[in-house]
Amino acid sequence: MPLSSLQWLDDTLAQAGTEIKPIAEALNEATDLLYKSFTPHADADLLVRQKSRFVDRILTHYFARYIGETEKNISALLAVGGYGRAELLPASDIDLMILLKNKPDKGLQQQISAFLTFLWDIGLEVGASVRTVKDCVSEGRNDVTVMTNMIESRLITGDERLYEQYKQAISPKKMWSSKEFFKAKLEEQKNRHLRFNDTAYNLEPNIKEGPGGLRDIQIIGWVAKRHYGARNLKELVTHKFLTEDEYQKLVDGQTHLWRIRFALHRLTGRREDRLLFDYQKQLAEFFGYQQGDNNLAIESFMQQYYRTIMELERLNEMLLQLFRQEILFKPFFNRKHKLNDDFLLRHGYVEAVNDQVFVNNPSALIEIFVVMQSRPDIQGVHAATIRLIRQSRHLIDDKFRSDPKNTELFMTFMRNPTGIIHQLRRMNNYGILAAYIPVFEKIVGRMQYDLFHAYTVDQHTLFVIRNLRRFSVEEWRHEFPLCNQIHDQLEKPELLYLAGLFHDIAKGRGGDHSVLGAEDAEQFCLQHGMNRKDTRVVSQLVRKHLLMSTTAQRKDISDPDVVHQFAREVGSESMLDYLYLLTVADIRATNPKQWNNWKDSLLRELYHAAKQVIRQGIEQAPDVEEIIKENRDVACDAIAQANYDRAEIESICGEFPGDYFLHHKAEEIQWHVSSIMDNPRDSSVVNIRQSIHSKSTEIFIYTRDTLHVFQRVVGVLSNMNLDILYADIYTTSDKQTLDTYIIQNTEGDPITDDSDIRQIQQTLLKAVAGKHKPDIQINQRMPRVLKSFISPTQVHFTQDLLNHRTIMEITTADRPDLLYTIASLITESGLHVNHARIATLGERVEDIFYLNDPQHQAVRDMELLDQLKDRIINTLDSHDRVE
């Protein structure tokens, strides 16, 4: 009983009458047949049209049965929207319009209601409007979305003369001229793209509404239909708006997206247009993608998806530009003036002087972007020239890349003080960037299956360069004044931009992408005539582009030895300047949710500390005793000047360990000591303030040192849905604990409400001072996106005997109660935490805990550490399996 032959359906309809069950069963059988016919390489176009014909047959039969037609009651049943295009996927809505000659009387209203109710009862998800021709004109004139639905209408059954009358009434001559319609659809697409951050490369893209998605194809069809009366995209070839090759790419892209959308409907059993993490892996398996040496199957599947929508975006841009020229600017397009021998400017758009420009002068493929850099008044590239550029990409070969004229042009482009990022985006969109730098082609559309990297590698790279460029623009100085100040002093900013271009270029090739990328960068720089010194700067920046981020976020940068080692690896002030700017730009471009003021403050602190070391001399080892004495003396002097008793200050500070003064600034020491002195000496203290250095909240706790303090504090803060960024814990000689916690809310902001601060303070005081363990119940639900990832827990120990501590590094899947669970396991093992750094990287966390045994020494009991490791892994991974 194939869907291509509908005799079996006609027989079922004839026998069933208005009985619901047999028709509903027929619909279910048809859906099952569609799903069985759907294979990874099935003709999706054929399947969606078969579903439309099937539904047409049912609607025709029952429209006649329920409504019929008399002289008094002239009507027609129209398919609109996607159904009007005869594009019905298994779970798509069925949009209908019942067109009437006259307003319906009560009897006809009842007939229509019965008809629609029957359709819902048999399982058709129908969206219907009931209108006269006059209604259509009134509503269509006021709403371009209604108008768009109507111009896609198709007569299913009913009065043909009424349908023709309706088409005449809504024609461009009567309402929504092609010019008005085109303007409205352009604005609609612009706003729609903005809802998706104006990028098609989101982690969970919408294949229908997102940039480069099916809606971008449909807008081309809508405008063509309104302006030319074209019935399908193929007719754009006839009108010479599309070449045969472009038309085929458009159809191939649409077919690919239809297949994915069809598979989504089958997988979910409902209408679903979002490529959620929940589905990506299953779809990759269905379509036959295999895991490679350096790529997961899902990454290959998504890379093909992203490359498809990139191609569709290119075609959308070119075709809309052609429409813009034809519909909006045609009267003005004779106005032109010459830019150079190869290009002219026509109504704000660059145009090649003839179709042989790139054949006669291949260098013009780079030159056009240099020309546009120098003219900010240029709005874009003429559509015919976009087509010519795309057709000429094959001219960029090894000979082209080694031609001194072209290498100099590209370096001129990179040195230009304006327009780099806008033109790099164009170069990427037109395929020129990947043609000129072949290794770049491998990262185009490449995604990484995690929540940390929000964009494809090529889009991330362009965002990095955009961020770097903003450091040179006065308009953005308020965001990162230090970065702008440093950028102003750079002798050769182009070295920074080149490092940004190459820093992730080796992703997905296997091996260390920093090392491989540095080799690519070195080869590129030498080929482009750069001297050895500049080449080394770019190469080293690529090689070390993760160094500053790793040091700031994963190491104790209050330790002078850590800062000294970092400064030694960086080597010079100029390299530190470049590296700091690249690091800030890189982290901000990885994922908007990953950047926060805490990371900003860590990087700034490391930058200033390393600069001081470099200026004093890298070979000069830090004088730890001198640092301790200076911090202590400055703090004690400041506290005494605030009318505190000097003898009592010295007494309290005398109980503090030397490391405390090494790792705290004088201002922090002053706050801690004055907080203690403002309270009875034997009482527990919880003091809260807003951080001076970052947009976060600091908590200082002074209480009797017991094993459970860290666990209880973490439990309370987690229970209150607060994020702990950092914990620092010291024990005094009189067995008191000095704890500092840096916290934010889940939005990455400090806690500023006075009542919230009081609640935190009171709850913590009760928890640390009480004899009984507080009731901790962390009831936050696991976010949906986290459930799609499995990150096996890894625990690694290293001994830091110089500082009398054991370092435990944990990498595992994120979850709401994670930190409290780890804290509980550490406490149950009888160990103390004296320092913690918390880093959440998308779905994964990389936390570092500095542990002591009960004597506040490094943990030498390897059996105990092995037991702790096993308990952490078993607890966390069994939790993931349950989830």
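Structure above, values below:
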quantity	calculated
Lone unmet requirement of (1) open to solvent by less than 50 Å² (accessible area, probe 1.4 Å); (2) out of contact with any Leu (no Cβ under 8 Å at 6 or more places or on another chain); (3) in contact (Cβ under 8 Å) with a residue 40 or more places away in the chain for Pro404	(1)
When residues of the stretch 665-694 are limited to those that are open to solvent by less than 30 Å² (accessible area, probe 1.4 Å) and either hydroxyl-bearing (Ser, Thr, Tyr) or touching a Gly at 6+ places or on another chain (Cβ under 6 Å) (or both), the one nearest to Ile742 (Cα to Cα)	Ser691
Yes/no for Leu9 being surrounded by 15 or more Cβ atoms within 10 Å (Cβ to Cβ), touching a Lys or Arg at 6+ places or on another chain (Cβ under 9 Å) and among the hydrophobic types (A, V, I, L, M, F, W, C)	yes
Scan of the stretch 24-53 for residues that are within 12 Å of Ile122 (Cα to Cα) and in contact with a Gly (Cβ under 8 Å, 6 or more places away or on another chain), ordered by number	Ala24, Leu27, Asn28
When residues of the stretch 1-17 are limited to those that are assigned to a helix (DSSP H, G or I) and not polar (S, T, N, Q), the one modelled with the lowest pLDDT	Trp8
Within the stretch 725-739, tally of residues that are of a type in the set (D, E, K, R) and crowded, with 20+ Cβ neighbours inside 10 Å	2
Every pair of residues 6+ apart whose Cβ atoms lie under 8 Å, when the first sits in the stretch 639-658 and is more than 30 Å from Gln855 (Cα to Cα) while the second is surrounded by fewer than 15 Cβ atoms within 10 Å (Cβ to Cβ) and of a type outside the set (Val, Ile, Thr)	Ala640/Arg646
Yes/no for Glu69 being free of Cβ contacts under 8 Å to residues at least 40 places away in the same chain and open to solvent by 50 Å² or more (accessible area, probe 1.4 Å)	no
Any chance Ile810 is assigned to a loop (DSSP other than H, G, I, E, B), modelled with pLDDT of 85 or more and open to solvent by less than 30 Å² (accessible area, probe 1.4 Å)	no
Residues of the stretch 653-698 satisfying the condition of being under 42 Å from the mean Cα position of the chain (by Cα) and acidic (Asp, Glu)	Asp659, Glu667, Glu668, Glu698
Filter result for the condition that a residue is surrounded by fewer than 21 Cβ atoms within 10 Å (Cβ to Cβ) and touching a strand residue (DSSP E or B) at 6+ places or on another chain (Cβ under 6 Å), over Leu707, Leu662, Leu722	Leu722
Positions within the stretch 467-477 being more than 24 Å from the chain's Cα centre (by Cα) and surrounded by fewer than 18 Cβ atoms within 10 Å (Cβ to Cβ), in sequence order	Val473, Glu474, Glu475, Arg477
Odd one out for Ile587 among (1) touching a His at 6+ places or on another chain (Cβ under 9 Å); (2) under 24 Å from Glu846 (Cα atoms)	(1)
Members of the stretch 445-459 found to be open to solvent by less than 10 Å² (accessible area, probe 1.4 Å) and at negative phi, listed by number	Met447, Thr456, Val457, Asp458
Residue satisfying condition, being over 28 Å from Phe262 (Cα atoms) and of a type in the set (A, V, I, L, M, F, W, C), within set Leu78, Leu119, Leu100	Leu100
Test: Asn191 is polar (S, T, N, Q), open to solvent by 60 Å² or more (accessible area, probe 1.4 Å) and under 21 Å from the mean Cα position of the chain (by Cα)	yes
Enumeration of residues in the stretch 471-498 that are within 16 Å of Trp595 (Cα to Cα) and free of Cβ contacts under 8 Å to residues at least 40 places away in the same chain	Glu479
Among the residues listed as Glu164, Glu160, Glu180, the single one being open to solvent by 20 Å² or more (accessible area, probe 1.4 Å), within 30 Å of Ile67 (Cβ to Cβ), more than 20 Å from the chain's Cα centre (by Cα) and free of Cβ contacts under 8 Å to residues at least 40 places away in the same chain	Glu164
Residues of the stretch 96-114 satisfying the condition of being among the aliphatic types (A, V, I, L, M) and within 14 Å of Leu162 (Cβ to Cβ)	Met97, Ile98, Leu99, Leu100
Test: residue in the stretch 514-528 that is in contact (Cβ under 8 Å) with a residue 24 or more places away in the chain, of a type outside the set (Gly, Ala, Ser), in contact with a Gly (Cβ under 8 Å, 6 or more places away or on another chain) and outside any loop (DSSP other than H, G, I, E, B)	no
Residues located in the stretch 343-363, provided they are open to solvent by 20 Å² or more (accessible area, probe 1.4 Å), in a helix (DSSP H, G or I) and β-branched (Val, Ile, Thr)	Val359
The listed residue being among the hydroxyl-bearing types (Ser, Thr, Tyr), under 21 Å from Ala230 (Cβ atoms) and out of contact with any strand residue (DSSP E or B) (no Cβ under 7 Å at 6 or more places or on another chain), out of Ser171, Ser153	Ser171
Residue identified as out of contact with any helix residue (DSSP H, G or I) (no Cβ under 6 Å at 6 or more places or on another chain) and modelled with pLDDT of 70 or more among Lys766, Lys771	Lys766
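The values are calculated or read from the model by the stated rules, or taken from the named source; none is laboratory data. Remember, it's a predicted structure, so these values are computed and weren't measured experimentally. As a convention, Cβ positions derive from the backbone with ideal geometry for all residues, glycine included, and neighbour counts pool all protein chains shown. The area values use the complete protein model at the heavy-atom level, side chains included, leaving out ligands, DNA and RNA. Shrake-Rupley method; radii C 1.70, N 1.55, O 1.52, S 1.80 Å.
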